[in-house]
Amino acid sequence: MEVEPDLSQTFDVLVIGGGNAALCAAMTAASSKASVLLLECAPEAFRGGDSRHTRNLRYVHARANAFLTGPYDEDEFWDDLLRVTAGKTDEHLARLTLRESTDIGVWMEAHGGRFQAPLRGTLNLSRTNAFFLGGGKALLNAYYHTAQQLGVRIVYRAEVTDLIMRDGRCCGALVGSGDAARQVHARTVVVAAGGFQANIAWLKEYWGAAADNFLIRGTPYNTGTLLRVLLDNGAQPVGDPRQCHAVAIDARAPKFDGGIVTRLDCVPFGIVVNKQAKRFYDEGEDFWPKRYAIWGRIVAQQPDQIAYAIIDAKALGKFMPSVFPPIEAASVAELAGKLELDSAVLEQTLAAFNAAIRPGRFDPAELDGCATHGLDPPKSHWAVPLDTPPFLAYPLRPGITFTYLGVGVNERAQIVMHDGKPTPTMYAAGEIMAGNILGQGYMAGFGMTIGTVFGRIAGREAARHALS
(Lines give C-alpha, C1' and ligand atoms only; values in the text may rest on other atoms or scores of the structure.)
Protein backbone atom coordinates (compact mmCIF):
# COMPACT_ATOMS: atom_id res chain seq x y z
CA MET A 1 0.00 0.00 0.00
CA GLU A 2 1.47 3.32 -1.07
CA VAL A 3 2.02 5.98 1.56
CA GLU A 4 0.39 9.33 0.79
CA PRO A 5 3.04 11.99 0.14
CA ASP A 6 3.76 14.76 2.60
CA LEU A 7 1.47 17.53 1.42
CA SER A 8 2.95 20.14 3.76
CA GLN A 9 5.93 20.74 1.47
CA THR A 10 5.87 23.19 -1.43
CA PHE A 11 6.08 21.33 -4.75
CA ASP A 12 7.71 22.78 -7.85
CA VAL A 13 4.81 21.68 -10.06
CA LEU A 14 1.28 20.75 -9.02
CA VAL A 15 -0.68 18.92 -11.72
CA ILE A 16 -4.46 18.86 -11.31
CA GLY A 17 -6.03 16.04 -13.30
CA GLY A 18 -5.29 12.40 -14.01
CA GLY A 19 -5.71 11.87 -17.76
CA ASN A 20 -3.33 11.90 -20.71
CA ALA A 21 -2.54 15.64 -20.65
CA ALA A 22 -1.94 15.60 -16.90
CA LEU A 23 0.39 12.59 -17.10
CA CYS A 24 2.32 14.08 -20.02
CA ALA A 25 2.79 17.29 -18.02
CA ALA A 26 3.81 15.44 -14.87
CA MET A 27 6.32 13.15 -16.63
CA THR A 28 7.86 16.06 -18.55
CA ALA A 29 8.21 18.21 -15.45
CA ALA A 30 9.68 15.35 -13.43
CA SER A 31 12.20 14.68 -16.20
CA SER A 32 13.44 18.24 -15.62
CA LYS A 33 14.16 17.32 -11.99
CA ALA A 34 11.19 19.27 -10.66
CA SER A 35 9.29 17.92 -7.67
CA VAL A 36 5.82 17.04 -8.95
CA LEU A 37 2.53 16.26 -7.23
CA LEU A 38 -0.41 14.96 -9.28
CA LEU A 39 -3.92 15.16 -7.83
CA GLU A 40 -6.48 12.82 -9.42
CA CYS A 41 -10.05 13.23 -8.15
CA ALA A 42 -11.09 9.71 -9.19
CA PRO A 43 -10.29 6.60 -7.18
CA GLU A 44 -7.32 4.62 -8.48
CA ALA A 45 -9.51 2.03 -10.23
CA PHE A 46 -11.14 4.75 -12.33
CA ARG A 47 -8.08 6.96 -12.88
CA GLY A 48 -7.25 8.41 -16.27
CA GLY A 49 -10.21 10.66 -17.12
CA ASP A 50 -11.62 10.29 -20.61
CA SER A 51 -8.21 9.18 -21.90
CA ARG A 52 -8.74 5.64 -20.66
CA HIS A 53 -11.54 5.27 -23.21
CA THR A 54 -9.41 6.36 -26.18
CA ARG A 55 -7.86 4.11 -28.78
CA ASN A 56 -5.53 6.16 -30.98
CA LEU A 57 -3.99 9.48 -31.84
CA ARG A 58 -2.89 11.17 -35.02
CA TYR A 59 0.43 12.88 -35.52
CA VAL A 60 2.70 14.20 -38.23
CA HIS A 61 5.06 11.56 -39.61
CA ALA A 62 7.23 11.40 -42.70
CA ARG A 63 6.95 7.74 -43.57
CA ALA A 64 5.24 4.44 -42.83
CA ASN A 65 6.36 2.37 -39.88
CA ALA A 66 5.22 -0.74 -38.03
CA PHE A 67 2.04 1.04 -36.90
CA LEU A 68 1.23 3.43 -39.73
CA THR A 69 0.81 2.60 -43.41
CA GLY A 70 2.07 5.85 -44.96
CA PRO A 71 3.18 9.45 -44.45
CA TYR A 72 1.01 12.23 -43.00
CA ASP A 73 2.59 15.64 -43.38
CA GLU A 74 1.78 18.94 -41.70
CA ASP A 75 0.04 20.41 -44.75
CA GLU A 76 -2.41 17.50 -45.06
CA PHE A 77 -3.00 17.56 -41.29
CA TRP A 78 -3.73 21.31 -41.50
CA ASP A 79 -6.12 20.81 -44.41
CA ASP A 80 -7.99 18.12 -42.46
CA LEU A 81 -8.26 20.42 -39.43
CA LEU A 82 -9.55 23.32 -41.51
CA ARG A 83 -12.18 21.06 -43.06
CA VAL A 84 -13.61 19.74 -39.79
CA THR A 85 -13.48 23.09 -37.97
CA ALA A 86 -14.60 25.19 -40.95
CA GLY A 87 -11.66 27.46 -40.12
CA LYS A 88 -12.73 28.02 -36.50
CA THR A 89 -9.31 27.51 -34.95
CA ASP A 90 -6.44 29.58 -33.57
CA GLU A 91 -4.01 29.08 -36.43
CA HIS A 92 -0.93 29.88 -34.35
CA LEU A 93 -1.75 27.31 -31.65
CA ALA A 94 -3.11 24.80 -34.16
CA ARG A 95 0.02 24.84 -36.31
CA LEU A 96 2.15 24.64 -33.15
CA THR A 97 0.20 21.52 -32.17
CA LEU A 98 0.80 19.93 -35.55
CA ARG A 99 4.53 20.73 -35.58
CA GLU A 100 5.03 19.57 -31.99
CA SER A 101 3.25 16.30 -32.80
CA THR A 102 5.96 15.23 -35.24
CA ASP A 103 6.94 11.67 -34.42
CA ILE A 104 5.28 11.95 -31.03
CA GLY A 105 4.91 8.18 -31.12
CA VAL A 106 8.61 7.82 -30.33
CA TRP A 107 8.18 9.90 -27.17
CA MET A 108 5.14 7.88 -26.15
CA GLU A 109 6.99 4.58 -26.54
CA ALA A 110 9.86 5.98 -24.49
CA HIS A 111 7.36 6.59 -21.68
CA GLY A 112 5.76 3.16 -21.75
CA GLY A 113 3.17 3.43 -24.53
CA ARG A 114 2.83 0.57 -27.01
CA PHE A 115 1.18 0.52 -30.43
CA GLN A 116 -0.44 -2.25 -32.44
CA ALA A 117 -0.37 -3.13 -36.13
CA PRO A 118 -2.57 -1.01 -38.44
CA LEU A 119 -6.29 -1.76 -38.39
CA ARG A 120 -8.71 -2.01 -41.29
CA GLY A 121 -12.43 -1.31 -41.46
CA THR A 122 -14.80 1.60 -40.91
CA LEU A 123 -12.30 3.77 -39.11
CA ASN A 124 -10.03 3.98 -42.16
CA LEU A 125 -7.24 5.52 -40.09
CA SER A 126 -4.32 3.20 -40.67
CA ARG A 127 -2.21 5.88 -42.38
CA THR A 128 -2.90 8.89 -40.13
CA ASN A 129 -3.50 7.39 -36.68
CA ALA A 130 -1.52 5.02 -34.47
CA PHE A 131 -3.57 2.68 -32.26
CA PHE A 132 -2.64 1.93 -28.65
CA LEU A 133 -2.00 -1.71 -27.84
CA GLY A 134 -4.57 -2.48 -25.15
CA GLY A 135 -6.38 0.83 -25.70
CA GLY A 136 -6.25 4.02 -23.69
CA LYS A 137 -6.42 2.27 -20.34
CA ALA A 138 -3.22 0.34 -21.07
CA LEU A 139 -1.54 3.55 -22.20
CA LEU A 140 -2.57 5.37 -19.03
CA ASN A 141 -1.48 2.47 -16.82
CA ALA A 142 1.94 2.62 -18.48
CA TYR A 143 2.10 6.39 -18.01
CA TYR A 144 1.22 6.13 -14.31
CA HIS A 145 3.97 3.55 -13.86
CA THR A 146 6.50 5.74 -15.67
CA ALA A 147 5.44 8.83 -13.75
CA GLN A 148 6.01 7.06 -10.46
CA GLN A 149 9.39 5.81 -11.66
CA LEU A 150 10.27 9.44 -12.40
CA GLY A 151 9.34 10.45 -8.87
CA VAL A 152 5.89 11.96 -9.45
CA ARG A 153 3.83 11.75 -6.26
CA ILE A 154 0.20 10.82 -6.88
CA VAL A 155 -2.86 11.23 -4.69
CA TYR A 156 -6.22 9.68 -5.68
CA ARG A 157 -9.67 10.80 -4.56
CA ALA A 158 -8.17 14.29 -4.37
CA GLU A 159 -10.88 16.67 -5.53
CA VAL A 160 -9.52 20.18 -6.01
CA THR A 161 -12.25 22.66 -5.12
CA ASP A 162 -10.38 25.97 -5.41
CA LEU A 163 -7.06 27.56 -6.28
CA ILE A 164 -4.92 29.57 -3.89
CA MET A 165 -4.28 32.97 -5.44
CA ARG A 166 -1.91 35.63 -4.07
CA ASP A 167 -1.20 38.93 -5.84
CA GLY A 168 -2.62 37.54 -9.06
CA ARG A 169 -0.46 34.42 -8.95
CA CYS A 170 -1.59 30.90 -8.34
CA CYS A 171 0.46 29.25 -5.62
CA GLY A 172 -1.49 26.13 -4.81
CA ALA A 173 -4.87 24.50 -4.48
CA LEU A 174 -7.51 23.61 -1.95
CA VAL A 175 -8.20 19.87 -1.84
CA GLY A 176 -11.56 18.74 -0.50
CA SER A 177 -14.10 20.92 1.22
CA GLY A 178 -15.36 21.81 4.67
CA ASP A 179 -13.43 20.63 7.69
CA ALA A 180 -11.59 18.07 5.55
CA ALA A 181 -10.15 20.70 3.19
CA ARG A 182 -6.37 20.80 2.87
CA GLN A 183 -4.10 23.37 1.27
CA VAL A 184 -1.41 22.19 -1.13
CA HIS A 185 1.29 24.70 -2.09
CA ALA A 186 3.28 24.79 -5.32
CA ARG A 187 5.45 27.19 -7.30
CA THR A 188 3.51 26.44 -10.49
CA VAL A 189 0.19 24.77 -11.27
CA VAL A 190 -0.84 22.83 -14.38
CA VAL A 191 -4.61 22.45 -14.75
CA ALA A 192 -5.55 19.45 -16.87
CA ALA A 193 -8.89 18.64 -15.29
CA GLY A 194 -11.08 18.23 -18.39
CA GLY A 195 -14.25 19.98 -19.47
CA PHE A 196 -17.68 20.21 -17.84
CA GLN A 197 -19.47 17.46 -19.75
CA ALA A 198 -20.37 15.43 -16.66
CA ASN A 199 -22.13 18.43 -15.11
CA ILE A 200 -25.68 18.05 -16.45
CA ALA A 201 -26.87 21.22 -14.71
CA TRP A 202 -24.15 23.24 -16.48
CA LEU A 203 -24.98 21.60 -19.84
CA LYS A 204 -28.63 22.59 -19.34
CA GLU A 205 -27.59 26.27 -19.20
CA TYR A 206 -26.87 25.98 -22.94
CA TRP A 207 -28.98 23.01 -24.08
CA GLY A 208 -32.02 23.33 -21.84
CA ALA A 209 -33.99 20.23 -20.87
CA ALA A 210 -32.52 18.33 -23.84
CA ALA A 211 -29.37 17.80 -21.76
CA ASP A 212 -31.31 15.40 -19.54
CA ASN A 213 -31.24 12.96 -22.47
CA PHE A 214 -27.49 13.24 -23.03
CA LEU A 215 -25.27 10.30 -22.17
CA ILE A 216 -21.73 11.00 -20.99
CA ARG A 217 -19.28 8.67 -22.71
CA GLY A 218 -16.45 9.21 -20.28
CA THR A 219 -15.66 9.81 -16.65
CA PRO A 220 -18.31 11.22 -14.29
CA TYR A 221 -15.53 13.20 -12.55
CA ASN A 222 -15.18 15.89 -15.26
CA THR A 223 -17.70 18.28 -13.74
CA GLY A 224 -15.90 21.48 -14.71
CA THR A 225 -15.09 22.57 -11.15
CA LEU A 226 -11.62 23.85 -12.10
CA LEU A 227 -12.91 25.42 -15.31
CA ARG A 228 -15.44 27.39 -13.26
CA VAL A 229 -12.75 28.38 -10.72
CA LEU A 230 -10.45 29.62 -13.49
CA LEU A 231 -13.20 31.61 -15.21
CA ASP A 232 -14.27 33.11 -11.88
CA ASN A 233 -10.65 34.16 -11.28
CA GLY A 234 -10.48 36.05 -14.55
CA ALA A 235 -9.20 33.50 -17.07
CA GLN A 236 -10.09 34.34 -20.64
CA PRO A 237 -12.89 32.05 -21.87
CA VAL A 238 -12.56 30.43 -25.29
CA GLY A 239 -14.86 28.16 -27.26
CA ASP A 240 -18.58 27.91 -27.87
CA PRO A 241 -20.23 26.30 -24.79
CA ARG A 242 -22.65 24.42 -27.08
CA GLN A 243 -19.82 22.92 -29.13
CA CYS A 244 -18.46 19.57 -28.02
CA HIS A 245 -17.11 16.21 -29.10
CA ALA A 246 -20.43 14.43 -29.23
CA VAL A 247 -20.92 11.00 -30.76
CA ALA A 248 -24.14 9.20 -31.55
CA ILE A 249 -23.94 6.24 -29.20
CA ASP A 250 -26.20 3.33 -28.43
CA ALA A 251 -29.18 4.69 -26.49
CA ARG A 252 -29.00 1.67 -24.20
CA ALA A 253 -25.61 2.79 -22.84
CA PRO A 254 -25.24 3.78 -19.16
CA LYS A 255 -25.47 7.45 -18.17
CA PHE A 256 -21.70 7.69 -17.54
CA ASP A 257 -18.52 5.84 -18.52
CA GLY A 258 -19.99 3.63 -21.26
CA GLY A 259 -16.83 4.19 -23.23
CA ILE A 260 -15.89 3.13 -26.72
CA VAL A 261 -18.01 -0.04 -26.80
CA THR A 262 -21.22 1.99 -26.95
CA ARG A 263 -20.21 3.83 -30.13
CA LEU A 264 -21.93 2.95 -33.41
CA ASP A 265 -20.05 3.08 -36.70
CA CYS A 266 -22.83 1.81 -38.98
CA VAL A 267 -24.18 5.25 -39.98
CA PRO A 268 -22.34 5.44 -43.37
CA PHE A 269 -23.81 2.07 -44.37
CA GLY A 270 -27.48 2.89 -43.87
CA ILE A 271 -29.77 5.74 -42.99
CA VAL A 272 -30.67 7.51 -39.75
CA VAL A 273 -34.22 8.58 -38.92
CA ASN A 274 -35.72 10.50 -36.03
CA LYS A 275 -38.79 9.53 -33.98
CA GLN A 276 -40.93 10.81 -36.85
CA ALA A 277 -39.27 8.15 -39.05
CA LYS A 278 -37.69 10.82 -41.27
CA ARG A 279 -34.08 11.34 -42.30
CA PHE A 280 -32.46 14.61 -41.21
CA TYR A 281 -28.75 14.63 -42.23
CA ASP A 282 -26.36 13.32 -44.88
CA GLU A 283 -25.10 9.97 -43.51
CA GLY A 284 -22.33 9.80 -46.16
CA GLU A 285 -21.02 13.36 -45.99
CA ASP A 286 -17.36 12.40 -45.47
CA PHE A 287 -15.19 9.63 -44.08
CA TRP A 288 -16.58 8.51 -40.74
CA PRO A 289 -13.49 9.51 -38.69
CA LYS A 290 -14.12 13.11 -39.82
CA ARG A 291 -17.85 13.05 -39.11
CA TYR A 292 -18.56 10.64 -36.25
CA ALA A 293 -18.01 13.33 -33.60
CA ILE A 294 -20.69 15.69 -34.98
CA TRP A 295 -23.52 13.16 -34.91
CA GLY A 296 -24.11 13.53 -31.20
CA ARG A 297 -24.96 17.21 -31.66
CA ILE A 298 -27.12 16.38 -34.67
CA VAL A 299 -29.15 13.83 -32.71
CA ALA A 300 -29.36 16.31 -29.82
CA GLN A 301 -31.29 18.64 -32.11
CA GLN A 302 -33.94 16.00 -32.94
CA PRO A 303 -37.23 15.55 -31.03
CA ASP A 304 -36.60 13.95 -27.64
CA GLN A 305 -32.92 13.56 -28.61
CA ILE A 306 -33.51 10.08 -30.04
CA ALA A 307 -32.74 8.64 -33.48
CA TYR A 308 -32.37 5.23 -35.12
CA ALA A 309 -29.63 3.95 -37.42
CA ILE A 310 -31.14 1.50 -39.90
CA ILE A 311 -29.19 -0.95 -42.04
CA ASP A 312 -29.93 -4.18 -43.85
CA ALA A 313 -28.16 -7.53 -43.96
CA LYS A 314 -25.62 -6.33 -46.55
CA ALA A 315 -24.01 -3.98 -44.03
CA LEU A 316 -23.22 -6.63 -41.44
CA GLY A 317 -19.50 -7.17 -41.02
CA LYS A 318 -18.58 -3.76 -42.44
CA PHE A 319 -18.44 -1.85 -39.14
CA MET A 320 -17.52 -2.28 -35.51
CA PRO A 321 -20.79 -3.20 -33.74
CA SER A 322 -22.04 -1.77 -30.48
CA VAL A 323 -21.76 -3.93 -27.38
CA PHE A 324 -25.58 -4.12 -27.59
CA PRO A 325 -27.22 -6.35 -30.25
CA PRO A 326 -29.20 -4.69 -33.06
CA ILE A 327 -32.98 -4.71 -33.09
CA GLU A 328 -33.83 -7.12 -35.91
CA ALA A 329 -36.92 -7.66 -38.09
CA ALA A 330 -37.88 -9.48 -41.26
CA SER A 331 -39.58 -6.45 -42.77
CA VAL A 332 -39.46 -2.66 -42.54
CA ALA A 333 -42.96 -2.59 -41.10
CA GLU A 334 -42.02 -5.07 -38.39
CA LEU A 335 -38.90 -3.04 -37.58
CA ALA A 336 -40.98 0.13 -37.29
CA GLY A 337 -43.23 -1.65 -34.82
CA LYS A 338 -40.30 -2.71 -32.65
CA LEU A 339 -38.97 0.87 -32.69
CA GLU A 340 -42.44 2.33 -32.03
CA LEU A 341 -42.21 4.38 -35.25
CA ASP A 342 -44.96 5.06 -37.77
CA SER A 343 -44.57 2.09 -40.14
CA ALA A 344 -46.12 3.84 -43.16
CA VAL A 345 -43.75 6.81 -42.79
CA LEU A 346 -40.69 4.59 -42.30
CA GLU A 347 -41.58 2.49 -45.36
CA GLN A 348 -42.02 5.70 -47.34
CA THR A 349 -38.66 7.05 -46.11
CA LEU A 350 -36.83 3.87 -47.17
CA ALA A 351 -38.64 3.74 -50.51
CA ALA A 352 -37.73 7.34 -51.30
CA PHE A 353 -34.13 6.71 -50.32
CA ASN A 354 -33.82 3.55 -52.42
CA ALA A 355 -35.42 5.24 -55.43
CA ALA A 356 -33.02 8.20 -55.27
CA ILE A 357 -29.83 6.15 -55.39
CA ARG A 358 -27.60 6.73 -58.41
CA PRO A 359 -25.67 3.67 -59.65
CA GLY A 360 -22.02 3.58 -58.65
CA ARG A 361 -19.17 1.38 -57.41
CA PHE A 362 -19.50 0.91 -53.66
CA ASP A 363 -16.15 1.28 -51.88
CA PRO A 364 -16.05 2.04 -48.13
CA ALA A 365 -12.34 2.91 -48.42
CA GLU A 366 -13.00 5.85 -50.75
CA LEU A 367 -15.40 8.76 -51.16
CA ASP A 368 -17.22 6.63 -53.72
CA GLY A 369 -19.80 7.58 -56.32
CA CYS A 370 -22.73 5.86 -54.65
CA ALA A 371 -24.95 8.86 -53.95
CA THR A 372 -28.57 9.91 -54.00
CA HIS A 373 -30.02 12.30 -56.56
CA GLY A 374 -32.81 14.76 -55.86
CA LEU A 375 -33.22 13.71 -52.23
CA ASP A 376 -33.25 16.11 -49.28
CA PRO A 377 -31.13 15.61 -47.29
CA PRO A 378 -28.83 13.84 -49.74
CA LYS A 379 -26.55 10.94 -49.03
CA SER A 380 -23.29 11.84 -50.72
CA HIS A 381 -21.39 8.52 -50.55
CA TRP A 382 -21.94 4.83 -49.80
CA ALA A 383 -25.63 5.00 -50.71
CA VAL A 384 -26.86 1.49 -51.52
CA PRO A 385 -30.45 0.23 -51.43
CA LEU A 386 -31.79 -1.02 -48.12
CA ASP A 387 -33.58 -4.03 -49.53
CA THR A 388 -32.11 -7.20 -48.02
CA PRO A 389 -33.67 -8.61 -44.84
CA PRO A 390 -33.20 -8.90 -42.02
CA PHE A 391 -33.49 -5.18 -41.38
CA LEU A 392 -31.62 -3.98 -38.31
CA ALA A 393 -31.66 -0.88 -36.14
CA TYR A 394 -29.69 0.70 -33.30
CA PRO A 395 -31.26 3.45 -31.15
CA LEU A 396 -29.05 6.54 -30.84
CA ARG A 397 -28.56 9.17 -28.15
CA PRO A 398 -26.09 12.08 -27.96
CA GLY A 399 -22.94 10.77 -26.28
CA ILE A 400 -20.89 13.70 -24.99
CA THR A 401 -17.15 13.07 -24.79
CA PHE A 402 -15.86 16.54 -23.93
CA THR A 403 -16.97 20.16 -24.14
CA TYR A 404 -15.12 22.90 -26.02
CA LEU A 405 -15.65 25.80 -23.60
CA GLY A 406 -12.27 26.36 -21.98
CA VAL A 407 -9.60 28.86 -21.06
CA GLY A 408 -7.29 30.77 -23.37
CA VAL A 409 -3.63 29.78 -23.46
CA ASN A 410 -0.54 31.00 -25.27
CA GLU A 411 2.17 28.98 -27.03
CA ARG A 412 3.79 28.23 -23.64
CA ALA A 413 0.51 26.78 -22.32
CA GLN A 414 0.23 29.69 -19.88
CA ILE A 415 -3.36 30.59 -19.06
CA VAL A 416 -4.33 33.95 -20.55
CA MET A 417 -6.42 36.32 -18.45
CA HIS A 418 -9.17 38.79 -19.42
CA ASP A 419 -6.60 41.55 -19.98
CA GLY A 420 -4.83 39.39 -22.59
CA LYS A 421 -1.79 38.81 -20.38
CA PRO A 422 -0.59 35.30 -19.46
CA THR A 423 -0.32 34.22 -15.85
CA PRO A 424 3.27 33.46 -14.78
CA THR A 425 2.51 30.40 -12.67
CA MET A 426 -0.62 28.80 -14.13
CA TYR A 427 -0.75 26.50 -17.16
CA ALA A 428 -3.46 24.46 -18.88
CA ALA A 429 -3.48 21.34 -21.05
CA GLY A 430 -5.98 18.93 -22.55
CA GLU A 431 -9.74 19.29 -22.81
CA ILE A 432 -9.80 22.42 -20.66
CA MET A 433 -7.96 24.36 -23.39
CA ALA A 434 -8.85 22.35 -26.52
CA GLY A 435 -11.41 25.00 -27.51
CA ASN A 436 -8.50 27.22 -28.59
CA ILE A 437 -7.94 24.80 -31.46
CA LEU A 438 -11.31 23.11 -31.92
CA GLY A 439 -13.88 25.80 -32.62
CA GLN A 440 -16.20 23.10 -33.94
CA GLY A 441 -16.04 19.60 -35.39
CA TYR A 442 -13.50 16.92 -34.67
CA MET A 443 -11.29 14.32 -36.30
CA ALA A 444 -10.42 11.01 -34.71
CA GLY A 445 -7.45 10.96 -32.37
CA PHE A 446 -6.94 14.74 -32.29
CA GLY A 447 -7.92 15.19 -28.65
CA MET A 448 -5.05 12.95 -27.63
CA THR A 449 -2.75 14.96 -29.91
CA ILE A 450 -3.72 18.25 -28.24
CA GLY A 451 -3.42 16.70 -24.78
CA THR A 452 -0.02 15.17 -25.44
CA VAL A 453 1.46 18.25 -27.10
CA PHE A 454 0.19 20.80 -24.59
CA GLY A 455 0.74 18.46 -21.67
CA ARG A 456 4.41 18.28 -22.58
CA ILE A 457 4.63 22.05 -23.16
CA ALA A 458 2.88 22.81 -19.86
CA GLY A 459 5.12 20.42 -17.93
CA ARG A 460 8.27 21.79 -19.52
CA GLU A 461 7.36 25.46 -19.02
CA ALA A 462 6.04 24.98 -15.48
CA ALA A 463 9.22 23.17 -14.44
CA ARG A 464 11.40 25.78 -16.11
CA HIS A 465 9.63 28.60 -14.27
CA ALA A 466 9.65 26.79 -10.93
CA LEU A 467 13.35 25.93 -11.12
CA SER A 468 14.51 29.31 -12.43
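The values are calculated or read from the model by the stated rules, or taken from the named source; none is laboratory data. Computed from a predicted model, the values in this text were never measured in an experiment. Methodologically, a virtual Cβ is constructed for each residue, glycine included, from the backbone with ideal geometry; neighbour enumeration extends over all protein chains shown. Each accessible area value is taken on the protein alone, full model and side chains, heavy atoms only, with ligands, DNA and RNA left out. Shrake-Rupley method; radii C 1.70, N 1.55, O 1.52, S 1.80 Å.
Can you tell me, using C-alpha contacts under 8 Å and at least 6 residues apart, the relative contact order of the chain as a whole percent?
Answer for the chain is 24 percent.
Once both axes come from the Cα atoms, what is the angle between helix 20-31 and the longest principal axis of the chain, in degrees from 0 to 90, rounded to 10?
30 degrees
Using packing as a proxy for protection, rank 212-223, 20-31 so that the peptide with the highest average count of other Cβ atoms within 10 Å comes first.
Highest mean packing first, the order is 20-31, 212-223.
Which FRET efficiency value, to the nearest 0.05, do you get for Glu109 and Glu334 by plugging their Cβ-Cβ distance into 1/(1 + (r/R0)^6) with R0 = 35 Å?
That gives a FRET efficiency of 0.10.
Which angle between 0 and 90 degrees, to the nearest 10, do you get for helix 343-355 versus the longest principal axis of the chain when only C-alpha atoms count?
Rounded to the nearest ten degrees, it is 90.
Could you state, as a whole-number percent, how many of the C-alpha pairs of the chain are farther apart than 37 Å?
Tail fraction, whole percent: 27.
Under the 0.36 nm per residue contour assumption, what length would be gained going from the current alpha-carbon distance of Asp419 and Thr161 to full extension?
90.4 nm
Please compute the modelled spin-label separation between Glu74 and Thr102, points set 7 Å along Cα→Cβ, answer in nm with one decimal.
0.6 nm
For the peptides 172-182, 452-462, what is the packing order when you average, over each peptide's residues, the other Cβ atoms within 10 Å and list the highest mean first?
Per-residue Cβ counts within 10 Å, averaged per peptide and sorted highest first, yield 452-462, 172-182.
Please list, ordered by chain and number, the residues whose modelled amide H lies under 5 Å from the amide H of Val15; skip anything fewer than 5 residues away on the same chain.
Sorted by chain and number, the residues that satisfy this are Leu37, Leu38, Leu39, Val190.
Put one equal scatterer on each alpha carbon of region 67-168, apply the Debye formula with no solvent term, and list log10 I(q)/I(0) at q = 0.17 1/Å to two decimals.
Calculated log10 I(q)/I(0) at the listed q: -1.01.
How much accessible area per residue does the chain have, in Å², with a 1.4 Å probe?
Normalised by residue count, the accessible surface of the chain is 38 Å².
Over the chain, with every protein chain in place, what whole percent of the accessible area is carbon and sulfur at 1.4 Å, could you tell me?
C and S fraction of accessible area: 50 percent.
Report the full-extension gain for the segment Arg464 to Gln183: residue separation times 0.36 nm, less the Cα-Cα distance, to one decimal in nm.
Here the answer is 98.8 nm.
Sequence-distant or interchain residues sharing an amide H contact under 5 Å with Thr102, placed H: which?
Result for Thr102 returns Val60.
What residues of region 349-366 lie in the reach of a label at Asp387, counting those whose backbone N is under 20 Å from a point 7 Å from the Cα along Cα→Cβ?
So the set is 349-364.
If amide H atoms are built 1.01 Å from N in the plane of the peptide, which residues on other chains or at least 5 residues away come under 5 Å of the amide H of Phe131?
Close amide H contacts, sequence-distant or interchain: Gln116.
Relative contact order for region 281-435 using alpha-carbon pairs under 8 Å, separation at least 6, rounded to a whole percent?
27 percent
Once the Cβ-Cβ distance between Asp342 and Ser32 is put in as r, and R0 is 56 Å, what FRET efficiency do you end up with, to the nearest 0.05?
Computed FRET efficiency for Asp342 and Ser32 comes out at 0.30.
Leaving ligands, DNA and RNA out of it, work out the accessible area of Glu4 with a 1.4 Å probe and give it in Å² to the nearest 10.
90 Å²
For Thr161, Thr425, give me the order by solvent-accessible area with a 1.4 Å probe, most accessible first, ignoring ligands, DNA and RNA.
These residues rank, largest area first, as Thr161, Thr425.
Within 10 Å, count the other beta carbons around each residue, average over each peptide in 63-69, 252-258, and list them highest first.
The most tightly packed comes first, giving 252-258, 63-69.
Taking only C-alpha pairs under 8 Å that are 6+ residues apart, what is the relative contact order of region 79-149 in percent?
Here the relative contact order equals 25 percent.
Listed here are the pairs Lys204/Lys255; Lys290/Lys379; Lys204/Lys290; which of them are more than 18 Å apart at the Cα?
Lys204/Lys290
Could you tell me the center-to-center distance, by alpha carbons, between region 244-285 and region 1-80 in angstrom?
What the calculation gives is 29 Å, centre to centre.
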